[in-house]
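Q: Okay, here's the structure, questions in a sec.
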Amino acid sequence: MTFVHESRLRVPGALEGRTCGECAACCTVMAIPVLAKPARRACDHVRRSGCGIYDERPEPCRDFHCLWLRGAVGDGEESRPDALGVLFDQCALRATGEVVTVACELWAGAAALPEARRAIEAVVEAIAPRVLALSRYDGSWSELQIER
Ligand code: SF4
Ligand code: SF4
């Protein structure tokens, strides 16, 4: 099974037919400065049914598409972040243009589960020799890399 679809890595926007469904992982994991929402704290607006201010949600929320939603990682719902336990993102830093790739663990131990480990290894392989920054649930970070 192909986990990483490299041609989709830098394509903005959702892959046609792919939707967030019940996932709201990014509404907790990501920092949203315009809402004064820190990383890894649930947004005040998130509801069981999704965003409570969907039509008025701020630009960073509208613009955010994780790599699963973009169709760059995973082949089905089983690799959606809320199922896999890991959210992948890749973006270019505005200041430098440097491309950074991040994997965020969604609950304690999720990144160590077999499917998540395979996914992380596949992404590290795909972006080599660049680094994958792994953000663990406990707030620690580590860098994963394959030298080429
Ligand atoms: S983590 Fe990805 S799939 Fe989940 S809600 Fe955010 S953009 Fe959608
Ligand atoms: S405003 Fe809505 S989309 Fe944005 S983080 Fe909060 S719940 Fe999620």
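Only the coordinates and a few stated rules stand behind these numbers; no lab work does. Predicted model only: the values in this text are computed from it and were never measured. All Cβ positions, even for glycine, are placed from backbone atoms using ideal geometry, and neighbour counts span all protein chains on display.
Q: Considering only region 28-40, I want to know if a residue exists there that is of a type outside the set (A, V, I, L, M, F, W, C), more than 10 Å from ligand 2 (Cβ to nearest atom) and either touching a residue at least 12 places away in the same chain (Cβ under 8 Å) or surrounded by 11 or more Cβ atoms within 10 Å (Cβ to Cβ) (or both). Step through it out loud before you land on a result.
A: Just the residues of region 28-40 that are of a type outside the set (A, V, I, L, M, F, W, C), to begin with: 28, 33, 37-38, 40.
Cutting the leftovers down to more than 10 Å from ligand 2 (Cβ to nearest atom) gives us 33, 38, 40.
From the residues that got through so far, the ones that are either touching a residue at least 12 places away in the same chain (Cβ under 8 Å) or surrounded by 11 or more Cβ atoms within 10 Å (Cβ to Cβ) (or both) too are 33, 40.
Yes, the conditions are met somewhere in region 28-40.
Q: Pairs only if they're at least six apart or on different chains, beta carbon under 7 angstrom, first in region 59-73 and in contact (Cβ under 8 Å) with a residue 40 or more places away in the chain, second near ligand 1 (Cβ under 6 Å from one of its atoms) and among the acidic types (Asp, Glu); list them, first residue then second.
A: Short answer, once both residue conditions are applied: none.
For every residue, the table says whether it meets (1) within 15 Å of ligand 1 (Cβ to nearest atom); (2) surrounded by 14 or more Cβ atoms within 10 Å (Cβ to Cβ); (3) of a type in the set (D, E, K, R); (4) outside any loop (DSSP other than H, G, I, E, B).
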| site | (1), (2), (3), (4) |
| --- | --- |
| GLY71 | yes, yes, no, no |
| ASP82 | yes, yes, yes, yes |
| VAL100 | no, yes, no, yes |
| TRP107 | yes, no, no, no |
| ALA116 | yes, yes, no, yes |
| ILE120 | no, yes, no, yes |
| GLU143 | no, no, yes, yes |
| ARG148 | no, no, yes, no |
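Q: With respect to THR2, determine if the residue is within 21 Å of GLY139 (Cα to Cα) and either touching a residue at least 12 places away in the same chain (Cβ under 8 Å) or of a type in the set (Val, Ile, Thr) (or both). Walk me through how you get there before you give the answer.
A: On the way: within 21 Å of GLY139 (Cα to Cα): no; either touching a residue at least 12 places away in the same chain (Cβ under 8 Å) or of a type in the set (Val, Ile, Thr) (or both): yes.
The answer is no for THR2.
Q: How about region 32-47: which of its residues are assigned to a loop (DSSP other than H, G, I, E, B), within 14 Å of ligand 1 (Cβ to nearest atom) and either more than 17 Å from TRP107 (Cα to Cα) or over 13 Å from the mean Cα position of the chain (by Cα) (or both)?
A: Across region 32-47, the qualifying residues are ALA42, CYS43, HIS45.
Q: Within the group ASP75, ASP55, which residue is of a type in the set (D, E, K, R) and within 13 Å of ligand 2 (Cβ to nearest atom)?
A: Numbers: ASP75 fails: within 13 Å of ligand 2 (Cβ to nearest atom).
ASP55 is the lone residue from the list that is of a type in the set (D, E, K, R) and within 13 Å of ligand 2 (Cβ to nearest atom).
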